[in-house]
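Read the structure below first, then the notes.
The values are calculated or read from the model by the stated rules, or taken from the named source; none is laboratory data. For clarity, every value in this text was computed on a predicted model and none was experimentally measured. All Cβ positions, glycine included, derive from the backbone under ideal geometry; neighbour counts span all protein chains shown. All accessible areas refer to the heavy atoms of the entire protein, side chains included, with ligands and DNA or RNA removed. Shrake-Rupley method; radii C 1.70, N 1.55, O 1.52, S 1.80 Å.
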Amino acid sequence: MSDIKAIAHPNFALIKYWGKSDVTNNLPDMSSISITIDTLFSTAKVSFDSSLKKDLWVLNDIEQESLGQIKPTMNYLKSFKLVKDFCVIESTNNFPTAAGLASSASGVASIVIAINELFNLNLSEQELINAAILGSGSAPRSLYPGFVYLNKKKYSCKTVLHANTWPLKIIICQTSSDKKLVSSRDGMRISKLTSPHYESWVNNQDNDIRKALKAIKIKDFDLLGEVSEGNCKKMHRVMETSKPPLFYRNTTSHLCIQKIEEMRANGINLFYTIDAGPQVKIICKAQHADQVISEMKSIPNIQDIIEVNIGQGARLTNEG
Ligand code: PMV
């Protein structure tokens, strides 16, 4: 049988998930809302290999010692048809891995789509979501295009608005390509155990979800910006008040925030979000994108600025 290949894009959370209700099943403690982007992508090429004695995962051309975080996903997928054959999964990212750009979400989503096809599983949407969540709590969101809502109740996931309906720009300011020192998984565990703000963070989430869903529905940019930035700040407060504190933002991220405040004071409509890494993602209206990019270029130590759009969900591909 020939190779099967799938592609998926990272998604950036506007209303974020930080903390798990069930570590074994990797279930988020809260609902979240994200945008799936285009341009950056992960691919997964999968094929059976009769010479293998176990499944093999090759990430960016490096053979991994184990399946690591994708093992629960693979076990779940293989349980459907009691698949006994072993396969090779070759994953690539066209952007830095584990640096706060959601490579695990797009990576896992691409693997789920490819394996579903390779094993001929014909899984339902919910089964694909279940498979993805086992690998990364944010991965189900990369299965879907546009603005995506992952609801904690039953862990359902769906697009709430398609990309072309509200064509915003996302400007990614890459301030470092280093791998994060504390993985999201460890960071969430530490925060849940030690941050004095964890409980209120979880309890306030539904409020932010409601506001963001309303803002997206009526396409109210200012409301979406206000609730998204507020939610991002709350998450970083939880991270930074953990013991030991988790500082994912670096000096350049803070300079970016200052510049964003400056631009906002000068009448540019924009807002930012930052995940478990130092990259700053700016969301703005298309007419402001060029100006935002040129202003951000003036910040010392910015490594790269990438302009992307809201993009498609995970899918099979023939490319490459
Ligand atoms: O899915 P994970 O384990 O990579 O965690 C994602 C956590 C954040 O990116 C910080 C927030 C989110 O909702 O994407």
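Overview of results
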| read-out | value |
| --- | --- |
| Restraint check, K54/K192; K233/K297; K5/K180, Cα-Cα greater than 30 Å | K54/K192 |
| For the range 86-203, fraction of C-alpha pairs farther apart than 24 Å, in % | 40 percent |
| Fraction of accessible area attributable to carbon and sulfur, the range 1-142 (%, probe 1.4 Å) | 51 percent |
| Karplus 3J(HN,Hα) series, Hz, for the range 264-278 with 6.51 cos²θ - 1.76 cosθ + 1.60 (x for Gly, Pro) | 5, 5, 8, x, 8, 7, 7, 8, 10, 8, 9, 9, 7, x, x |
| Separation of alpha-carbon centers, the range 193-261 and the range 8-39, rounded to whole Å | 13 Å |
| In nm, spacing of pseudo-spin labels at L82 and A265 (7 Å Cα→C-beta vector) | 6.8 nm |
| Karplus-derived HN-Hα couplings along the range 305-319 (A = 6.51, B = -1.76, C = 1.60, θ = phi - 60°), whole Hz, x at Gly and Pro | 10, 10, 9, 10, 10, 6, x, 8, x, 5, 7, 6, 9, 9, 5 |
| The chain, accessible area per residue, ligands and nucleic acids excluded (1.4 Å, Å²) | 44 Å² |
| Size of charge dipole - the chain - debye, nearest 20, with Cβ of Lys, Arg +1 and Asp, Glu -1, no other charges | 860 debye |
| Rounded, prolate or oblate (a/c below 1.5 giving rounded, otherwise prolate when a/b exceeds b/c) for the range 158-198 by Cα gyration tensor | oblate |
| Helix-derived mean residue ellipticity, 222 nm - over the chain, DSSP H n ≥ 4, -39500 (n - 2.57), to 500 | -11500 deg cm²/dmol |
| Local net charge near F48, Cβ-Cβ under 11 Å (Lys/Arg +1, Asp/Glu -1) | -3 |
| All aspartates and glutamates inside 14 Å of K154 as judged from Cα atoms, apart from same-chain residues fewer than 8 positions distant | D22, D29, E125, E127 |
| FRET efficiency estimate (nearest 0.05) - Cβ-Cβ, D304 to L223, R0 35 angstrom | 0.70 |
| Using alpha carbons only: equivalent-ellipsoid semi-axes of the range 192-275, gyration tensor based, whole Å | 24, 20, 7 |
| For a label point 7 Å along the Cα-to-beta-carbon line of T251, residues of the range 161-195 with backbone N under 20 Å | 173-181 |
| Under 14 Å from K71, Cα to Cα: aspartates and glutamates that are on another chain or at least 8 residues apart | D55 |
